[in-house]
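The values are calculated or read from the model by the stated rules, or taken from the named source; none is laboratory data. Note that the coordinates shown come from a computational prediction; the quantities given were computed from them, not determined experimentally. All Cβ positions, even for glycine, are placed from backbone atoms using ideal geometry, and neighbour counts span all protein chains on display. SASA here: full protein model, heavy atoms, side chains in, ligands and nucleic acids out. Shrake-Rupley method; radii C 1.70, N 1.55, O 1.52, S 1.80 Å.
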Amino acid sequence: MEALIYGYLRDDLADGHSEELEDAMSTLAREEGLCFAATFHESTSGDGTAFVELTQELKRADAHHVVVPSLDHLAGQTIPRDILLAKLAHEAAAQVWTIES
């Protein structure tokens with residue numbers, strides 16, 4: 001059985017290209033032999049609700065992979081981004097993939 005991978009996308013950074021970004025995340029998952037399960041969309045208010053739901057789902061599904069269009073979708077600044085990456089690693093042993101080259 002393929003390992004699950006979940007997408008995480010900030011709608012305010014998608015600039016109307018959410019569908020294309022989801023397609024790219026799904027393609028990366030397929031190329032890496034992972035099963036793309038769903039995308040969690042953070043609303044433009046950016047209150048972190050979708051991130052919390054993502055973390056809960058990773059634990060529930062015993063999944064350990066997250067894909068984002070870029071690390072900016074976690075946070076635009078290095079320190080908050082590092083905190084969120086550490087949270088994913090600590091709470092769900094999750095590896096984060098990006099579709100950026």
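Between the labelled values [x] 1.47; [y] 1.06; [z] 0.97, the entry that holds Cα Rg over 2.2 N^0.38 Å as derived from this structure is [z].
Using a 1.4 Å probe over the heavy atoms of the protein chains, calculate the carbon and sulfur portion of the accessible area of the stretch 20-92 as a whole percent. The computed percentage sits at 51. Rolling a 1.4 Å probe over the heavy atoms of the protein chains gives the chain an accessible area of 56 Å² per residue.
A dipole drawn for the chain from +1 and -1 charges on Cβ atoms has a positive end, and of Leu71, Ala86, Gly48 the residue lying farthest that way is Ala86. For Ala94, enumerate residues with amide H under 5 Å from its amide H, sequence gap 5+ or separate chain, H modeled in the peptide plane. Close amide H contacts, sequence-distant or interchain: Ala89. Scanning residues 5 or more positions from Ala63 or on other chains, none has an amide H under 5 Å from its amide H, with H placed 1.01 Å from N in the peptide plane. Here the contact order of the stretch 2-101, divided by its residue count and restricted to Cα pairs under 8 Å and six or more residues apart, works out to 33 percent.
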